[in-house]
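Enquirer: What follows is a structure written as structure tokens; I'll ask about it next.
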Amino acid sequence: MKTGVLGGTFNPPHKGHLSAAEHTREALGLERVLFIPTNLPPHKTLPDGSATTQQRCDMVRLMTKPYDWAVFSDMEVRRGGASYTVDTLRALHTAGYDNLTLIVGTDMLMSFDVCWRAPEEIAQLAALAVVARGLHDRPALHKKAELLRQTMDARIFFVECPVLTISSTEVREMGTFEQMTPPEVAAYIREHGLYHRDSE
Ligand code: ATP
Ligand code: MG
């Protein structure tokens, strides 16, 4: 079964995540996309006032619920410790998922061979689908993709879709929950008074 994997901190999940998954699914004919919140992200510390791990999971569960192709997975949370994508892909592979596509924003492609653990193994375990975030110019991206293809036989697809420049950081800082997160997530943030929102 062709399966997409979208990992992230989802602090909070937003329309950019959903759009990236949806457009990749359509472009590559994925049957499902797993949304996998990190337990502890290896490369960033969550700022004060962040949602708890449980709350991040709740929000991703709510965001994926309306779509039959979108599946929430708590496998990284259950595994505990720092969440490395290579461990997740290995576990999925062992569980029988043999046609995996890792969905990443352009920022993640640029840091792939520099910051990620075992990038060669990741490239063997999954194809990479890259969704533009408007953060990097196309020549730099294509140069990076070519390098990864040559050095680690990476299978890389660029997904053509409208660019959403949304990030969780911006959504938290600007407080644009109602506009930038799906209604179910915005309601959860309001009800739980997350990110210093007053509960109503
Ligand atoms: P933060 O601001 O906390 O870093 P983020 O918005 O980048 O949050 P993450 O949870 O870090 O969200 O991202 C998970 C994955 O989703 C990454 O591969 C990231 O590149 C991708 N992604 C996030 N936002 C977008 C977007 N607007 N368009 C395309 N891909 C996105
Ligand atoms: Mg990010």
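The values are calculated or read from the model by the stated rules, or taken from the named source; none is laboratory data. Just so it is clear, the structure is predicted and the values come from calculations on it, not from any experiment. Don't worry about glycine lacking a Cβ; one is built from the backbone with ideal geometry, like all the others, and counts go over all protein chains shown. All accessible areas refer to the heavy atoms of the entire protein, side chains included, with ligands and DNA or RNA removed. Shrake-Rupley method; radii C 1.70, N 1.55, O 1.52, S 1.80 Å.
Enquirer: Provide the per residue accessible area, probe 1.4 Å, for the range 23-120, rounded to a whole number of square angstrom.
Expert: Heavy-atom accessible area per residue stands at 49 Å².
Enquirer: Write out the GluC sites (Glu not before Pro) in the range 89-196 meeting two conditions: DSSP loop, and at most 15 other Cβ atoms within 10 Å of their Cβ.
Expert: When the GluC sites (Glu not before Pro) of the range 89-196 are filtered for loop state and at most 15 Cβ neighbours within 10 Å, 160 remain.
Enquirer: Are there chymotrypsin sites (Phe, Trp or Tyr not before Pro) in the range 40-117 that DSSP puts in a loop and that have at most 15 other Cβ atoms within 10 Å, and which ones?
Expert: 67, 69
Enquirer: Same structure, new question: Using Cα-Cα distances under 8 Å and only pairs 6 or more residues apart, what relative contact order does the range 90-195 have, in percent?
Expert: Here the relative contact order equals 24 percent.
Enquirer: Rounded if a/c is under 1.5, else prolate if a/b beats b/c, else oblate: with a ≥ b ≥ c from the C-alpha gyration tensor eigenvalues square-rooted, which is the range 34-138?
Expert: Rounded shape, in that the Cα axes give a/c under 1.5.
Enquirer: Check which residues have an amide H placed less than 5 Å from residue 8's amide H, if you skip close sequence neighbours.
Expert: Under 5 Å from the amide H of residue 8 lie the amide H atoms of 36, 38, each far enough along the sequence or on another chain.
Enquirer: Using Cα positions and a limit of under 19 Å, work out the aspartates and glutamates in reach of residue 15, with same-chain residues fewer than 8 apart set aside.
Expert: 26, 58, 68, 107, 160, 170, 173, 178, 184
Enquirer: With all protein chains present, how much of the accessible area of the chain (probe radius 1.4 Å) comes from carbon and sulfur, to the nearest whole percent?
Expert: Of the solvent-accessible surface of the chain, carbon and sulfur hold 50 percent.
Enquirer: Hey, what's the per residue convex hull volume over the C-alpha atoms of the chain, in cubic angstrom?
Expert: Measuring per residue, one finds 111 Å³ for the Cα hull of the chain.
Enquirer: Distance between Cα centroids, the range 37-103 to the range 152-200: provide it in whole Å.
Expert: Their Cα centres are 16 Å away from one another.
Enquirer: What value, in deg cm²/dmol to 500, does the helix sum -39500 (n - 2.57) over DSSP H runs of n ≥ 4 give at 222 nm once divided by the residues of the chain?
Expert: After summing the helix terms and dividing by residue count, I get -13500 deg cm²/dmol.
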